[in-house]
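A.B. asks: Quick one: the structure is below, questions incoming.
The values are calculated or read from the model by the stated rules, or taken from the named source; none is laboratory data. Since the model is a prediction, treat every value here as computed from it, not as a measurement. Cβ: placed from backbone, ideal geometry, glycine included. Neighbour counts: every protein chain shown.
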């Protein structure tokens, strides 16, 4: 049994490239009024491998090998932009992505308020 680690690593890397995207984990960029929101993720990975062979006079020869890979993908927040201003809205460690979505109603409220103020005629 011969294990080609370069080929295996290539296949794992191709899989990560195709799957470790914000679109796959939390969705695509979206617009909320004048705000553009881009999801941000953190990707961590690790690889390990080992192999060996040996021989015993009575039992013959033996060989073995193995490989493993692990990937962790975590949504961490959003890049939010309005005009030339860009800020990062963290998802938070305790509530995860829910913390970011909890702030979306505040953004909608501010946007609605600004639109109302623009449409109302100025009173002197």
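A.B. asks: Among the residues of region 4-23 satisfying the criterion of being at pLDDT below 80 and surrounded by fewer than 12 Cβ atoms within 10 Å (Cβ to Cβ), which is farthest from residue 67 (Cα to Cα)? Write out each step before concluding.
C.D. replies: Going residue by residue through region 4-23, those that are at pLDDT below 80 are 4-6, 8-9, 12-13, 15-23.
This time we only want the ones that are surrounded by fewer than 12 Cβ atoms within 10 Å (Cβ to Cβ), so: 4, 6, 17-18, 23.
Details: 4: 10, 6: 11, 17: 19, 18: 21, 23: 28 Å.
Within region 4-23, the match that is farthest from residue 67 (Cα to Cα) is 23.
A.B. asks: While we're on this one: Looking at the structure I just gave you, is residue 44 surrounded by 11 or more Cβ atoms within 10 Å (Cβ to Cβ), in a strand (DSSP E or B), modelled with pLDDT of 80 or more and out of contact with any helix residue (DSSP H, G or I) (no Cβ under 7 Å at 6 or more places or on another chain)?
C.D. replies: no
A.B. asks: Could we say that residue 78 is surrounded by 10 or more Cβ atoms within 10 Å (Cβ to Cβ) and farther than 30 Å from residue 32 by Cα here?
C.D. replies: Numbers: surrounded by 10 or more Cβ atoms within 10 Å (Cβ to Cβ): yes; farther than 30 Å from residue 32 by Cα: no.
In short, no.
A.B. asks: Considering only region 79-104, state which residues are assigned to a strand (DSSP E or B) and modelled with pLDDT of 85 or more.
C.D. replies: Passing the criteria: 79, 80, 81, 82, 85, 86, 87, 88.
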